[in-house]
Amino acid sequence: MAVIHQIQLLLAGVGGGKALKEFEDDELITDDDDGRSDQEEEDNQGGVTYVPALSSLTSASASELFSATDNEVLQLGHRPRLLQAALNDFDGEMDTLVDLFSKTCNIYKQHHDEEEEQSAASHIAESLIASVNDKAQFSLYQFWPELMIELGLLKAEDKKRKPCADLAGGLSILIRLAENKALTREQANFISAFIEKPHKELSASLSSLRTRLLALTYNYR
(Lines give C-alpha, C1' and ligand atoms only; values in the text may rest on other atoms or scores of the structure.)
Protein backbone atom coordinates (compact mmCIF):
# COMPACT_ATOMS: atom_id res chain seq x y z
CA MET A 1 0.00 0.00 0.00
CA ALA A 2 2.89 2.36 0.68
CA VAL A 3 4.12 2.04 -2.89
CA ILE A 4 0.63 2.76 -4.27
CA HIS A 5 0.35 5.83 -2.06
CA GLN A 6 3.68 7.15 -3.36
CA ILE A 7 2.60 6.56 -6.94
CA GLN A 8 -0.71 8.34 -6.40
CA LEU A 9 1.17 11.36 -5.07
CA LEU A 10 3.50 11.26 -8.06
CA LEU A 11 0.76 10.98 -10.64
CA ALA A 12 -1.13 13.83 -8.99
CA GLY A 13 1.79 16.05 -9.94
CA VAL A 14 2.10 15.02 -13.60
CA GLY A 15 2.37 18.18 -15.66
CA GLY A 16 2.18 20.48 -12.66
CA GLY A 17 4.78 19.18 -10.24
CA LYS A 18 2.62 19.91 -7.20
CA ALA A 19 3.08 16.56 -5.53
CA LEU A 20 6.44 15.54 -6.91
CA LYS A 21 8.31 17.03 -3.96
CA GLU A 22 6.39 14.64 -1.68
CA PHE A 23 7.72 11.63 -3.53
CA GLU A 24 10.91 10.56 -1.79
CA ASP A 25 14.15 10.05 -3.73
CA ASP A 26 14.46 6.57 -5.07
CA GLU A 27 17.21 4.35 -3.75
CA LEU A 28 20.32 4.09 -5.91
CA ILE A 29 21.30 0.49 -6.46
CA THR A 30 24.75 0.02 -7.90
CA ASP A 31 25.45 -3.64 -7.21
CA ASP A 32 25.93 -5.31 -10.58
CA ASP A 33 25.25 -8.77 -9.19
CA ASP A 34 21.56 -9.17 -9.94
CA GLY A 35 21.53 -12.93 -9.66
CA ARG A 36 20.62 -13.58 -13.30
CA SER A 37 21.74 -16.97 -14.56
CA ASP A 38 23.53 -17.55 -17.86
CA GLN A 39 21.07 -17.82 -20.75
CA GLU A 40 23.31 -19.31 -23.38
CA GLU A 41 25.06 -22.65 -23.80
CA GLU A 42 28.43 -22.89 -25.48
CA ASP A 43 29.30 -25.64 -27.94
CA ASN A 44 32.19 -27.57 -26.36
CA GLN A 45 34.04 -27.94 -29.64
CA GLY A 46 33.66 -24.63 -31.41
CA GLY A 47 32.60 -22.21 -28.69
CA VAL A 48 29.56 -21.28 -30.80
CA THR A 49 26.44 -20.09 -29.02
CA TYR A 50 23.78 -22.77 -29.16
CA VAL A 51 20.28 -21.49 -30.02
CA PRO A 52 17.50 -24.05 -29.58
CA ALA A 53 15.55 -24.59 -32.79
CA LEU A 54 11.91 -23.50 -32.49
CA SER A 55 11.09 -23.47 -36.19
CA SER A 56 9.29 -26.81 -35.93
CA LEU A 57 6.96 -25.68 -33.14
CA THR A 58 3.31 -25.30 -34.06
CA SER A 59 2.19 -24.20 -30.60
CA ALA A 60 3.67 -22.70 -27.46
CA SER A 61 2.27 -22.72 -23.93
CA ALA A 62 2.60 -20.03 -21.31
CA SER A 63 4.81 -22.29 -19.21
CA GLU A 64 7.19 -22.74 -22.15
CA LEU A 65 7.30 -19.01 -22.80
CA PHE A 66 7.99 -17.95 -19.23
CA SER A 67 10.62 -20.62 -18.64
CA ALA A 68 12.41 -19.94 -21.93
CA THR A 69 15.95 -18.64 -22.24
CA ASP A 70 16.65 -15.23 -23.75
CA ASN A 71 17.42 -16.80 -27.13
CA GLU A 72 14.21 -18.82 -27.10
CA VAL A 73 12.13 -15.78 -26.15
CA LEU A 74 13.77 -13.77 -28.92
CA GLN A 75 12.90 -16.43 -31.48
CA LEU A 76 9.27 -16.28 -30.38
CA GLY A 77 9.46 -12.55 -31.10
CA HIS A 78 9.84 -13.61 -34.73
CA ARG A 79 6.85 -15.94 -34.40
CA PRO A 80 3.97 -13.59 -33.46
CA ARG A 81 1.24 -16.23 -33.60
CA LEU A 82 3.08 -18.55 -31.24
CA LEU A 83 3.90 -15.67 -28.93
CA GLN A 84 0.29 -14.51 -28.80
CA ALA A 85 -0.94 -18.04 -28.19
CA ALA A 86 1.41 -18.40 -25.24
CA LEU A 87 0.30 -15.06 -23.78
CA ASN A 88 -3.35 -15.99 -24.24
CA ASP A 89 -2.64 -19.22 -22.37
CA PHE A 90 -1.27 -17.34 -19.36
CA ASP A 91 -3.40 -17.19 -16.20
CA GLY A 92 -0.72 -16.86 -13.56
CA GLU A 93 0.73 -14.15 -11.36
CA MET A 94 1.54 -10.64 -12.50
CA ASP A 95 5.17 -10.97 -11.38
CA THR A 96 5.68 -13.50 -14.17
CA LEU A 97 4.67 -10.92 -16.77
CA VAL A 98 6.99 -8.37 -15.22
CA ASP A 99 9.84 -10.88 -15.35
CA LEU A 100 9.22 -11.43 -19.07
CA PHE A 101 9.23 -7.69 -19.75
CA SER A 102 12.47 -7.41 -17.78
CA LYS A 103 14.00 -10.20 -19.86
CA THR A 104 12.87 -8.41 -23.02
CA CYS A 105 14.64 -5.21 -21.92
CA ASN A 106 17.85 -7.14 -21.44
CA ILE A 107 17.48 -8.84 -24.82
CA TYR A 108 17.04 -5.46 -26.49
CA LYS A 109 20.25 -4.16 -24.92
CA GLN A 110 22.19 -7.29 -25.84
CA HIS A 111 21.29 -6.76 -29.51
CA HIS A 112 21.92 -3.02 -29.53
CA ASP A 113 23.31 -3.03 -33.07
CA GLU A 114 20.86 -5.52 -34.62
CA GLU A 115 17.70 -3.80 -35.83
CA GLU A 116 15.87 -7.02 -36.72
CA GLU A 117 16.41 -8.51 -33.28
CA GLN A 118 15.48 -5.26 -31.55
CA SER A 119 12.26 -5.16 -33.55
CA ALA A 120 11.50 -8.72 -32.40
CA ALA A 121 12.14 -7.74 -28.77
CA SER A 122 9.88 -4.70 -29.19
CA HIS A 123 7.16 -6.92 -30.61
CA ILE A 124 7.37 -9.15 -27.54
CA ALA A 125 6.97 -6.13 -25.25
CA GLU A 126 4.09 -4.74 -27.29
CA SER A 127 2.26 -8.08 -27.23
CA LEU A 128 2.91 -8.34 -23.50
CA ILE A 129 1.46 -4.89 -22.78
CA ALA A 130 -1.58 -5.67 -24.92
CA SER A 131 -2.04 -8.87 -22.92
CA VAL A 132 -1.78 -6.95 -19.64
CA ASN A 133 -4.37 -4.45 -20.87
CA ASP A 134 -6.75 -7.29 -21.72
CA LYS A 135 -6.53 -8.82 -18.25
CA ALA A 136 -8.93 -7.05 -15.95
CA GLN A 137 -7.17 -8.32 -12.83
CA PHE A 138 -4.01 -6.31 -13.62
CA SER A 139 -4.62 -2.62 -13.01
CA LEU A 140 -2.37 0.37 -13.70
CA TYR A 141 -1.26 0.31 -10.07
CA GLN A 142 -0.15 -3.32 -10.25
CA PHE A 143 1.90 -4.06 -13.36
CA TRP A 144 3.53 -0.67 -13.96
CA PRO A 145 4.86 -0.03 -10.43
CA GLU A 146 6.45 -3.48 -10.50
CA LEU A 147 8.01 -2.66 -13.85
CA MET A 148 9.42 0.62 -12.47
CA ILE A 149 10.98 -1.38 -9.63
CA GLU A 150 12.53 -3.76 -12.16
CA LEU A 151 14.01 -0.77 -13.99
CA GLY A 152 15.34 0.73 -10.77
CA LEU A 153 13.13 3.82 -10.95
CA LEU A 154 11.03 2.95 -7.91
CA LYS A 155 12.20 1.72 -4.53
CA ALA A 156 10.73 -1.63 -3.54
CA GLU A 157 9.18 -2.16 -0.13
CA ASP A 158 11.45 -5.18 0.14
CA LYS A 159 14.79 -3.43 0.65
CA LYS A 160 16.73 -6.50 -0.47
CA ARG A 161 15.09 -6.58 -3.88
CA LYS A 162 17.27 -5.35 -6.73
CA PRO A 163 16.28 -4.16 -10.21
CA CYS A 164 16.87 -6.86 -12.81
CA ALA A 165 16.06 -5.07 -16.07
CA ASP A 166 18.62 -3.13 -18.08
CA LEU A 167 17.51 0.51 -17.83
CA ALA A 168 18.85 1.57 -21.24
CA GLY A 169 17.11 -1.40 -22.84
CA GLY A 170 13.95 -0.63 -20.88
CA LEU A 171 13.85 3.02 -21.97
CA SER A 172 14.44 1.95 -25.56
CA ILE A 173 11.59 -0.56 -25.38
CA LEU A 174 9.26 2.06 -23.90
CA ILE A 175 10.23 4.46 -26.70
CA ARG A 176 9.26 1.83 -29.26
CA LEU A 177 5.95 1.25 -27.50
CA ALA A 178 5.21 4.98 -27.46
CA GLU A 179 6.17 5.37 -31.11
CA ASN A 180 3.82 2.54 -32.05
CA LYS A 181 0.98 4.00 -29.95
CA ALA A 182 0.96 0.80 -27.94
CA LEU A 183 0.43 2.64 -24.63
CA THR A 184 -2.74 4.07 -23.17
CA ARG A 185 -2.82 7.71 -22.09
CA GLU A 186 -2.78 6.63 -18.45
CA GLN A 187 0.27 4.46 -19.02
CA ALA A 188 2.09 7.23 -20.88
CA ASN A 189 1.34 9.66 -18.03
CA PHE A 190 2.55 7.08 -15.53
CA ILE A 191 5.85 6.68 -17.36
CA SER A 192 6.43 10.40 -17.81
CA ALA A 193 5.75 10.98 -14.10
CA PHE A 194 8.72 8.78 -13.28
CA ILE A 195 11.21 9.94 -15.88
CA GLU A 196 10.55 13.69 -15.79
CA LYS A 197 11.54 13.72 -12.13
CA PRO A 198 15.32 14.00 -11.44
CA HIS A 199 16.56 10.54 -10.64
CA LYS A 200 19.92 9.07 -9.75
CA GLU A 201 19.50 6.19 -12.18
CA LEU A 202 18.82 8.48 -15.15
CA SER A 203 22.44 9.46 -15.67
CA ALA A 204 23.86 11.68 -18.40
CA SER A 205 24.50 8.64 -20.58
CA LEU A 206 20.76 8.03 -20.70
CA SER A 207 19.74 11.66 -21.27
CA SER A 208 18.96 11.25 -24.97
CA LEU A 209 16.73 8.23 -24.31
CA ARG A 210 15.02 10.02 -21.44
CA THR A 211 14.40 13.16 -23.53
CA ARG A 212 12.99 11.13 -26.44
CA LEU A 213 10.67 9.12 -24.19
CA LEU A 214 9.43 12.24 -22.42
CA ALA A 215 8.61 13.91 -25.74
CA LEU A 216 6.66 10.86 -26.91
CA THR A 217 4.70 10.44 -23.67
CA TYR A 218 3.82 14.16 -23.60
CA ASN A 219 2.19 13.70 -27.02
CA TYR A 220 -0.40 11.45 -25.38
CA ARG A 221 -1.74 14.35 -23.28
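The values are calculated or read from the model by the stated rules, or taken from the named source; none is laboratory data. Just so you know, these numbers come straight off a predicted model, no measurement behind them. Please note: Cβ atoms are built from the backbone with ideal geometry, for glycine as well, and neighbour counts cover all protein chains shown. Heavy atoms of the whole protein, side chains included, go into the accessibility calculation; ligands, DNA and RNA do not. Shrake-Rupley method; radii C 1.70, N 1.55, O 1.52, S 1.80 Å.
Things to note:
- Segment residue 184-residue 135, extension gain: residue separation times 0.36 nm, minus the distance between their alpha carbons: 16.2 nm
- Sorting the segments 96-107, 75-86 by their residues' average number of neighbouring beta-carbon atoms within 10 angstrom, most packed first, yields 96-107, 75-86.
- Computed magnitude of the charge dipole of the stretch 128-220 (debye, nearest 20; Cβ of K, R +1, Cβ of D, E -1): 200 debye
- Surface per residue (accessible, 1.4 Å probe) for the stretch 93-221, Å²: 43 Å²
- In order along the stretch 81-95, the Karplus-derived 3J(HN,Hα) couplings, from 6.51 cos²θ - 1.76 cosθ + 1.60 at θ = phi - 60°, round to 5, 5, 4, 5, 4, 5, 5, 5, 7, 6, 9, x, 7, 4, 4 Hz, and Gly and Pro are given as x.
- Ligands, DNA and RNA left out, the accessible area of the stretch 96-221 computed with a 1.4 Å probe is 48% carbon and sulfur.
- Nitroxide proxy distance, nm - points 7 Å out along Cα→Cβ at residue 204 and residue 95: 3.9 nm
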